[in-house]
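A.B. asks: Mind looking over this structure? Questions follow.
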Amino acid sequence: MIKRLWLFLTAHIDGFLLGTVCLLMLLGLFVLYSATGQSPAKTSNQFASMLIALAAMWGVSKVPPQHLMRLSMPMYFLGIILLILVAVFGEVVNGARRWLYIGVTRIQPGELMKIAVPLMLAWYFDKHETALRLRNYVVATLLLLVPVALIARQPDLGTAILIAASGFYVLFLAGLSWRIMLSLVALGLASLPVLWTVLRDYQRQRILTLLDPSTDPLGAGYHTIQSTIAVGSGGVAGKGWLNGTQSHLEFLPERHTDFVFAVFSEEFGLMGNLVLLALYALVIARGLVIASNASTLFARLMAGAITLTFFTYAFVNMAMVSGLLPIVGVPLPLVSYGGTALVTICLGFGILMSIQTHKKLVKT
C-alpha cells in the first residue's frame, strides 16, 4: 500500500528538476525571513504559497501533452477575454488596472497568459509543422502582439516583457530565420523615437534614471541607487544572514518582492550569488535537456519557451537590481515574495515534467 502510494506520488515527477526547484524555494524562505524584518506571518504565507505551487506542478505533470494541446486555444481566448474585461471593469491599484474581481476573489489575467501564449503558439506551429510559411510566422506574431499590447496598456511592462519573450522564443525555436529577426531588430531600433512618445512619463523617467540615477537620487533614482549599494556592500562573503544594513535600516524599498536579490547579495555576498546562479543554471540546463529530448514539435517548443522564459525572469530581475536595466517590476523567480508568480512558474515546470515523462504524444 505504501509502495503504491509512493509510486503514485512520484510518477511523472522529474526528481532532478524538483530537487533544484525546492532548493531555490528553501533559499527564498531564508532570505524572505530576513527581508520581511523576520516576519513569521509573511514567511508562513510564502511557505503556504510554495506548497500550493508544488501541488499545482504535481497536478500538471500528470496531464499528458496531448491534453495540454487541446487546452491551448480555450486558454488563450479565455485569457484575451479576461484582459478585455480588465481594461473595461478592472480595479485600479497604484495607478495600474491589472486586477479583475470574479466572485469573492480577484485574479490577474496577465499571469494566465504567461502559460497560455506559448501554449497557443506551440499548438499553432505544431498544427502547421509540415508546411511552415512566412505567413504562419506573421499570424503567430499577431497572436503574440494582441495580449502583449493589452497587458502593456494596463500598464504592466514587466509581465508584457515576459510574455513577449516567451512568444519570441517559440518563434525562434520554430525556425524563424536570422534574416527576419535581424530585420525586426533594425525595425525596432528605428521605431524607438515613436515608442518614446508612447511611453508614460514614469516609464521614460525610469529609462533616464538608468542612464544617470544621480539626477534624481531621492525620487526616480532612489531604488536603483539603494539596490546597487546593497549589492556592492555584500563583498565576497556577505554581511551574514539577518545582518544586512540596507534592508534592516529600511533604505531598500520593495525588499521582499522585486528587490529581494539586493537583500540576498548584501547578506550572502559574491559566494552566495554564485550558489544562486548555479541553482538557476541547473534548472535551465535541465529544461533545455528536456526540450532537446522532446518527441514532438509542440513539446519541444513548449519546453524551450518555458525554460528560456525562466531564464529571462532571473536575468531581468538581477540586471534591474544591479542597475543594468530599467526597473520593470519583474520578481526573482522562486525567491521573491508572492504566490501568483510562484504558481505560474511551477505550472510551467509541471508542463516540463509532463513532456519529459510522457514521451509518446498522439496527434489530435
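A.B. asks: Of everything in segment 227-279, what is part of a loop (DSSP other than H, G, I, E, B) and free of Cβ contacts under 8 Å to residues at least 12 places away in the same chain? Give them in sequence order.
C.D. replies: L249, E250, listed by residue number.
A.B. asks: Does G244 fit the bill of being in contact with a Gly (Cβ under 7 Å, 6 or more places away or on another chain) and buried (at least 18 other Cβ atoms within 10 Å of the Cβ)?
C.D. replies: No.
A.B. asks: Restricting attention to segment 32-41, which residues are surrounded by 22 or more Cβ atoms within 10 Å (Cβ to Cβ) and either outside the structural domain of V343 (by TED's automatic domain parsing) or among the aromatic types (F, W, Y) (or both)? Full working, then the answer.
C.D. replies: Kept after step one, since they are surrounded by 22 or more Cβ atoms within 10 Å (Cβ to Cβ), are these residues of segment 32-41: 32, 34-35.
Passing the criteria: none in range.
A.B. asks: Among helices (runs of 4 or more DSSP H) lying entirely in segment 88-192, which contain 2 or more residues that are out of contact with any helix residue (DSSP H, G or I) (no Cβ under 9 Å at 6 or more places or on another chain) and either of a type outside the set (D, E) or closer than 28 Å to L297 by Cβ (or both)?
C.D. replies: By residue number, 134-152, 178-190.
A.B. asks: Identify all residues within segment 147-184 that are β-branched (V, I, T) and either surrounded by fewer than 16 Cβ atoms within 10 Å (Cβ to Cβ) or not assigned by TED's automatic domain parsing to the domain that holds L82 (or both); write none if there are none.
C.D. replies: Hit for segment 147-184 is I180, nothing else.
A.B. asks: A follow-up question, please. Quick one: which residue in V86, V21 is modelled with pLDDT of 95 or more and crowded, with 18+ Cβ neighbours inside 10 Å? Write out each step before concluding.
C.D. replies: Numbers: V86 fails: modelled with pLDDT of 95 or more.
That would be V21, the only listed residue that is modelled with pLDDT of 95 or more and crowded, with 18+ Cβ neighbours inside 10 Å.
A.B. asks: Hey, among V316, V328, which residue is in contact (Cβ under 8 Å) with a residue 60 or more places away in the chain, surrounded by fewer than 24 Cβ atoms within 10 Å (Cβ to Cβ) and either assigned to a helix (DSSP H, G or I) or of a type in the set (S, T, Y) (or both)?
C.D. replies: Criteria check complete, one pass: V316.
A.B. asks: What tally of residues in segment 331-352 results from selecting those that are of a type in the set (F, W, Y) and either touching a Lys or Arg at 6+ places or on another chain (Cβ under 8 Å) or free of Cβ contacts under 8 Å to residues at least 60 places away in the same chain (or both)? Don't jump to the end; show me each part of the working.
C.D. replies: Taking segment 331-352 as the starting set, the residues that turn out to be of a type in the set (F, W, Y) are 337, 349.
Right, trim to either touching a Lys or Arg at 6+ places or on another chain (Cβ under 8 Å) or free of Cβ contacts under 8 Å to residues at least 60 places away in the same chain (or both) and you get 337.
Result for segment 331-352: 1.
A.B. asks: Go through S44, S49 for me and flag whichever is under 29 Å from M302 (Cβ atoms), of a type in the set (S, T, N, Q), in a helix (DSSP H, G or I) and in the same structural domain as H248 (by TED's automatic domain parsing).
C.D. replies: S49
The values are calculated or read from the model by the stated rules, or taken from the named source; none is laboratory data. Predicted model only: the values in this text are computed from it and were never measured. As a convention, Cβ positions derive from the backbone with ideal geometry for all residues, glycine included, and neighbour counts pool all protein chains shown.
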